[in-house]
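Data first, discussion second: the structure below is written as structure tokens.
The values are calculated or read from the model by the stated rules, or taken from the named source; none is laboratory data. Small disclaimer: the values here were computed from a predicted structure and weren't measured. Heads up: the accessible areas ignore ligands, DNA and RNA and are worked out on the full protein's heavy atoms, side chains in. Shrake-Rupley method; radii C 1.70, N 1.55, O 1.52, S 1.80 Å.
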Amino acid sequence: MTQPAPRGPRAALVIVSGVRGVFWGTWSALLPAVLARVHATTGELGLGLALTAVPLGGDARDGGGGPVRRRP
């Protein structure tokens with residue numbers, strides 16, 4: 001019997017690149033349907049997605065995203 005080849009960093013890179021390609025390929029295929037569903041332009045959708053990735057308010061020490069509280 002032959003032993004399977006050990007997986008190294010090259011195999012991990014191929015797997016991660018494949019997963020990333022599948023994700024972005026699916027996103028690009030679904031984008032026209034998403035735009036039609038929400039009645040938005042590509043600029044509006046991009047701005048909305050960018051704003052959802054940015055926590056508003058809060059303090060980085062407490063995880064952000066919440067109301068700004070002053071500490072005594």
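What to note about this one:
- Residue satisfying condition, being open to solvent by less than 60 Å² (accessible area, probe 1.4 Å) and at pLDDT 85 or above, within set Gly66, Gly25: Gly25
- Residue that is modelled with the lowest pLDDT [pool: residues in the stretch 2-22 that are open to solvent by 80 Å² or more (accessible area, probe 1.4 Å) and hydrophobic (A, V, I, L, M, F, W, C)]: Ala5
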